[in-house]
Structures are given as C-alpha cells and as structure tokens.
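Values quoted throughout were computed directly from the atomic coordinates according to the rules given, and no laboratory measurement underlies them. Please read all numbers here as calculations on a predicted model, not as lab measurements. As a convention, Cβ positions derive from the backbone with ideal geometry for all residues, glycine included, and neighbour counts pool all protein chains shown.
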Amino acid sequence: MLLDYRILVVEDDRVIADVIASQLSRWGLDVKLVTDFERVLAQFHEYEPQLVLMDITLPFYSGFYWCGEIRRFSKVPVIFISSAADNMNIVTAINMGGDDFIAKPFDLGVLTAKVQAMLRRSYDFAGSSRVLSAGELMLNLTEGKAYCQGKQTELTRNELKILQMLMENRPGVVSRDDLMTRLWESDAFVDENTLAVNVARLRKKLAAIGAGGMIQTRKGMGYSIE
C-alpha cells in the first residue's frame, strides 16, 4: 500500500468522483474532491496533493487550462481522465504537461494500478527527486533548488539544510539550537551569528522568486515557515 499520499480529484461528475475516492481510499490514499471548479488552483494550494486526477471537460475552465496553471510552478504528476479519448485530446493532454491519460469508462483496478505506479515512479524509487512543498514554495532536495511562481533559485548546502528542516517541521517552530546542530553535521563551524547570516541569505533568495516573508522569526524560540 502507498499510505498517506494525497490525491486531488478534479471531476465534476460527483458520482464518478465519489467512486474514485472510495476506491483509492481503500488502498490507504488520502483523497480530496474539488468542489469549486472556479477555484481549482486555490484548492490545489490548500491541499498540496502528490498526484492530480483531472477531467478535461469542466465548468468554467477545461482540465487543459488547469494543468497548464499547475505546471507553472509544480511538477506534481497529473493523470487525465476523460471520455474524450481521441488522439487529439490525448496529445493535447500530454503537451499541456499531463503524465498519463485514462479513457472513460475505466476499470477501477486499472485506475488504481496506474495511480500506484505513478506514485512509485515519482516518489518512491531510490535516486528520484525528493520534493517538499509549502504553499507555492517547492524545495527539490535532490537538485538543491527552491521553486516558486515559475522561478527558481540554487541554494548552498547550509541554506538547503535550513529550509529543509523548517519545511519538514511546519507549522512548528525550529529552535536555533536545533538548526545549528543540523548545520554542525557539515565540516563548517556554525555559531548563532553564522546561522543568522545563512537565514538572511536564504530569505533574500526566496524573496527573489516570490516567496518573501515565508521564513518567520519567533522571538526567543527560533524560526518557522508560514
């Protein structure tokens, strides 16, 4: 079983959406159904899914549009599900950033197998990119880069460790002592002033990609990610 992975289902046929949710939940997956099809992106940010199941024909905007919007800042896997399974729609889905296409009506066993395979390929295999997210901010631990609003910035080893620890512990506060202990694992001497300098540089880099203000100072406690 692939436990604790979050799946966002963007499907306006509630009967189909409920069947998908019931099936995937049996396999230990956490499933959320989009209910406001004018605010798909907002619900994506709130839920921070690891995979999206996306219908093509939706109220207000098509699944192609929403996939394109998601691809502006996220590499999360998107699997299209649609009865419009002609070659043109399949090609468009892939060109818009989709990772797979499942034609309706589909077998629930096939849907589950495809979802599980996509999650394993994206997150479980050794050597694959490890990604943390907080709102629009994404941290790729393998690349050592932070992404936000379609922009990216490279991080030093210490900056990467600081941001990783803050994101892994959000919304909690990480003490300065814990951060210095983490940085002490490197071959560089770290004191409180060195930590402050690294945090200041990290804040500047995040601000440059549209994630300014995410690192908050908690007086007398440490730092946290908003």
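Stretched out fully, how many nm does the piece from Arg120 to Glu154 gain, at 0.36 nm a residue minus the Cα gap?
On the way: separation 34, 0.36 × 34 = 12.24 nm, distance 2.65 nm.
Extending this stretch completely gives an extra 9.6 nm.
Lysine pairs, Cα distance under 19 Å, 8 or more residues apart or cross-chain: how many in the chain?
Pairs that pass both the separation and distance tests number 13.
Remind me, relative contact order of the stretch 1-114 in percent, using alpha carbon pairs under 8 angstrom and six or more residues apart?
Averaging sequence separation for qualifying contacts and normalising by length gives 23 percent for the stretch 1-114.
Taking the Cβ of each residue in Trp27, Trp184, Trp66 as the centre, tally the other Cβ atoms inside 10 Å and list the residues starting with the fewest.
Values: Trp27 15, Trp184 11, Trp66 24.
Listed from fewest to most nearby Cβ atoms, that is Trp184, Trp27, Trp66.
Could you give the length gained by full extension between Lys204 and Ser83, i.e. 0.36 nm per residue of separation minus their alpha carbon distance, to one decimal place?
Values: separation 121, 0.36 × 121 = 43.56 nm, distance 4.70 nm.
The span from Lys204 to Ser83 would gain 38.9 nm if fully extended.
Which order do Ser74, Ser122 fall in if you start with the one that has the fewest other Cβ atoms within 10 Å?
Listed from fewest to most nearby Cβ atoms, that is Ser122, Ser74.
In Å, what Kirkwood hydrodynamic radius results for the stretch 131-225 from the alpha-carbon pair distances?
13.2 Å
Kindly work out what percent of the DSSP beta bridges joining two residues of the stretch 60-187 are antiparallel, to the nearest 5.
75 percent
Taking the Cβ of each residue in Val76, Val131 as the centre, tally the other Cβ atoms inside 10 Å and list the residues starting with the fewest. Don't skip to the end; give the middle numbers.
Numbers: Val76 21, Val131 18.
Going from sparsest to densest Cβ surroundings: Val131, Val76.
With a Förster radius of 41 Å, plug the Cβ-Cβ distance of Glu168 and Ala103 into 1/(1 + (r/R0)^6) and report the FRET value to the nearest 0.05.
FRET efficiency, Glu168 to Ala103: 0.60.
Counting only DSSP beta bridges with both residues in the chain, tell me the antiparallel percent, nearest 5.
So the antiparallel bridges amount to about 50 percent of the total.
When a/c is below 1.5 the answer is rounded, else prolate if a/b is larger than b/c, else oblate, so apply that to the stretch 1-139 with a ≥ b ≥ c taken from the square roots of the Cα gyration tensor eigenvalues.
Rounded.
By how many nm would the segment from Tyr61 to Thr35 grow when fully extended, if each residue of separation counts as 0.36 nm and the alpha-carbon distance is taken off?
Residue separation times 0.36 nm, minus the Cα-Cα distance, leaves 8.0 nm.
Once you keep just the Cα pairs under 8 angstrom separated by 6 or more residues, what percentage relative contact order results for the stretch 72-160?
Details: 100 pairs, mean separation 19.4, N = 89.
For the stretch 72-160, the relative contact order is 22 percent.
Relative contact order for the chain using alpha-carbon pairs under 8 Å, separation at least 6, rounded to a whole percent? Don't skip to the end; give the middle numbers.
Details: 354 pairs, mean separation 29.4, N = 226.
RCO, the chain: 13 percent.
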